[in-house]
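Below is one structure; the comments refer to it alone.
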């Protein structure tokens, strides 16, 4: 796949929520229009008192505050912002201040100091720096969220026809901004596909934020996704960004989408249609630029028919659909996947093909893998530890993989016995005829006979040793 890494996603991340405070009406009128023209959401107020009221109702990325104002001046606004703990960068503007005022403002925590009259290009430059700072902060929050989960490399491993179709879809879909719905059983690697969509998109340099909707506490889902203001509910001691806002400019991955209740489905649909976020407890909405990728192991069409999932939301998230095959449907990919997982556990770039013995590959191919790639990853980790990083043998695998019950009670006729025969010879004839039935497939032979694969290999080796002894 080819990667496109321009800054299309970054443009939306540079859109800021601004509070502009000035007691001069002509300046308010001009700057309100100009700040909107260069791409920001702007609330304009006429003094310090109105500024404090606006700050108590809504969150702002930055506040451009005139220093000299009647009643409540710019100094009081700065102090209020810093004491309240809100994440608002203050840019002081004044036509009277000198170096002493600039030093005082910076010491109080102001982000920058502009002298009137300033040009729009000057303030645009300052706001771009604020936006870049906030983007970096969002990336740090996204990274912190990722570190709380086990993250695998985003390579899509496998050359089977099923995985080939998935890769082609990712390559075609990734450069667009369309919503994507990834379907597949638990453990098939839906998050890896979502990360691949992100990394091959124009938003690859911006945050990727993964949210497990099924793991969010029901009473905190809205706060986690949309954020909240200080005091919005019991326990909201500080204002908080929602994960949608953290993903601004990048990709939001909503895993287990089918677990959201109907109330949150409505709010998510409203966001997807408008691009607007309203923090819990705030009055005003603000715009974010996020690409949404969803995933579920549930049948959303059945849920729509049952009335538990909104049909309009289903159509909104399902612009493109990627169906991930179960591991049992792409068994040709298992050896490559197993080697990749072994290398990841050993913290190496790659491992030699010989790390999996031929017998181990046969066992891995024969297993049904109801837990899909996740089960395979656990099995390989178990085997790597027991094998001490050397060649993995069947006995190094978990017993749930290496020892399986018989395939069923489907008898077939054992014939061509030539008596007299010893018990060992009869046993071996049964083994050989069973292997003929399954065309040499040893794992299936062991299943049919109800013995461990390791036991089968031991008996075959004993038979070979006896034949060699007789020949000698």
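The values are calculated or read from the model by the stated rules, or taken from the named source; none is laboratory data. Small disclaimer: the values here were computed from a predicted structure and weren't measured. Please note: Cβ atoms are built from the backbone with ideal geometry, for glycine as well, and neighbour counts cover all protein chains shown.
Number of residues in the stretch 330-369 that are under 24 Å from the mean Cα position of the chain (by Cα), under 27 Å from residue 169 (Cβ atoms) and crowded, with 17+ Cβ neighbours inside 10 Å equals 11.
Every residue, every condition in (1) touching a residue at least 24 places away in the same chain (Cβ under 8 Å); (2) in contact with a helix residue (DSSP H, G or I) (Cβ under 8 Å, 6 or more places away or on another chain); (3) on the phi < 0 side of the Ramachandran plot, yes or no:
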{"site": "194", "(1), (2), (3)": "yes, no, yes"}
{"site": "198", "(1), (2), (3)": "yes, no, yes"}
{"site": "205", "(1), (2), (3)": "yes, yes, yes"}
{"site": "211", "(1), (2), (3)": "yes, yes, yes"}
{"site": "223", "(1), (2), (3)": "yes, no, yes"}
{"site": "234", "(1), (2), (3)": "no, no, yes"}
{"site": "241", "(1), (2), (3)": "yes, yes, yes"}
{"site": "249", "(1), (2), (3)": "yes, yes, no"}
{"site": "254", "(1), (2), (3)": "yes, yes, yes"}
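Every test in (1) more than 20 Å from residue 134 (Cβ to Cβ); (2) crowded, with 18+ Cβ neighbours inside 10 Å is passed by residue 245 save one, and that test is (1). Taken over the stretch 83-100, the criterion of being at pLDDT below 85 and not in a strand (DSSP E or B) is satisfied by 83, 84, 85, 86, 87, 95, 96, 97, 98, 99, 100.
Contact map, the stretch 318-338: residues that are modelled with pLDDT of 95 or more paired with residues that are assigned to a strand (DSSP E or B) and loosely packed, with under 15 Cβ neighbours inside 10 Å, Cβ distance under 9 Å, separation 6+ or inter-chain. No pairs are found. Taken over the stretch 273-282, the criterion of being touching a strand residue (DSSP E or B) at 6+ places or on another chain (Cβ under 6 Å) and surrounded by fewer than 21 Cβ atoms within 10 Å (Cβ to Cβ) is satisfied by 275, 276, 280, 281. Of all residues in the stretch 304-318, those satisfying the criterion of being touching a strand residue (DSSP E or B) at 6+ places or on another chain (Cβ under 9 Å) and under 15 Å from residue 213 (Cβ atoms) are 314, 317. As a summary of the residue check, residue 232 satisfies the conditions (1) outside any strand (DSSP E or B); (2) modelled with pLDDT of 85 or more; (3) surrounded by 15 or more Cβ atoms within 10 Å (Cβ to Cβ); (4) more than 12 Å from the chain's Cα centre (by Cα) except for the one numbered (2). Has the stretch 55-72 got any residue that is part of a helix (DSSP H, G or I), surrounded by 15 or more Cβ atoms within 10 Å (Cβ to Cβ) and in contact (Cβ under 8 Å) with a residue 12 or more places away in the chain? Yes, because at least one residue in the stretch 55-72 is part of a helix (DSSP H, G or I), surrounded by 15 or more Cβ atoms within 10 Å (Cβ to Cβ) and in contact (Cβ under 8 Å) with a residue 12 or more places away in the chain. Being farther than 24 Å from residue 252 by Cα and modelled with pLDDT of 85 or more is the requirement here; does residue 124 meet it? Spelling it out, residue 124 is indeed farther than 24 Å from residue 252 by Cα and modelled with pLDDT of 85 or more. Highlighted here are the helices (runs of 4 or more DSSP H) found entirely within the stretch 366-472 that include at least 3 residues which are modelled with pLDDT of 75 or more and farther than 21 Å from residue 339 by Cβ: 423-437, 442-449, 453-471. When the residues of the stretch 283-297 are filtered to those that are in a loop (DSSP other than H, G, I, E, B) and surrounded by 15 or more Cβ atoms within 10 Å (Cβ to Cβ), the one that is modelled with the lowest pLDDT is 284. Cβ-Cβ contacts under 7 Å between residues 6 or more apart (or on different chains), taken from a first residue in the stretch 455-472 that is assigned by TED's automatic domain parsing to the domain that holds residue 359 and over 13 Å from residue 442 (Cβ atoms) to a second residue that is buried (at least 16 other Cβ atoms within 10 Å of the Cβ) and at pLDDT below 65, are absent. Taken over the stretch 81-119, the criterion of being more than 18 Å from residue 131 (Cα to Cα) and in contact with a helix residue (DSSP H, G or I) (Cβ under 6 Å, 6 or more places away or on another chain) is satisfied by 108 alone.
For the stretch 29-49, residues that are surrounded by fewer than 18 Cβ atoms within 10 Å (Cβ to Cβ) and either in a helix (DSSP H, G or I) or without any contact (Cβ under 8 Å) to a residue 24 or more places away in the chain (or both) total 8.
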